[in-house]
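To keep things clear, I will list the structure first and then write my remarks on it.
The values are calculated or read from the model by the stated rules, or taken from the named source; none is laboratory data. All figures in this text were calculated on a predicted structure; none of them were measured in a lab. Note that we place each Cβ from the backbone using ideal geometry, even for glycine, and neighbour counts take in every protein chain shown.
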Amino acid sequence: MHDRTGDEIDEQPVEHDPRCEDGWIDRDGDTPQPCLTCKPHLRQKFERRHHG
Ligand SMILES: [Zn+2]
């Protein structure tokens, strides 16, 4: 990506879980979790669990 001056802009680094597989972490484990980097829309859904 470039801004008006032509300088290159670094996009914000995204911390991507190396265990991510097809959007899921520990997919074949007992407690698979969605990779929120691949599926950010699932974040709210999963965080709400902690509040009952
Ligand atoms: Zn991912």
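Would you mind stating whether ARG4 is part of a helix (DSSP H, G or I), basic (Lys, Arg), loosely packed, with under 10 Cβ neighbours inside 10 Å and at pLDDT below 80?
no
Is it the case that segment 17-27 has a residue that's more than 16 Å from the ligand (Cβ to nearest atom) and either surrounded by 10 or more Cβ atoms within 10 Å (Cβ to Cβ) or modelled with pLDDT of 75 or more (or both)?
First pass over segment 17-27, keeping only residues more than 16 Å from the ligand (Cβ to nearest atom): none.
No; the residues of segment 17-27 include none that is more than 16 Å from the ligand (Cβ to nearest atom) and either surrounded by 10 or more Cβ atoms within 10 Å (Cβ to Cβ) or modelled with pLDDT of 75 or more (or both).
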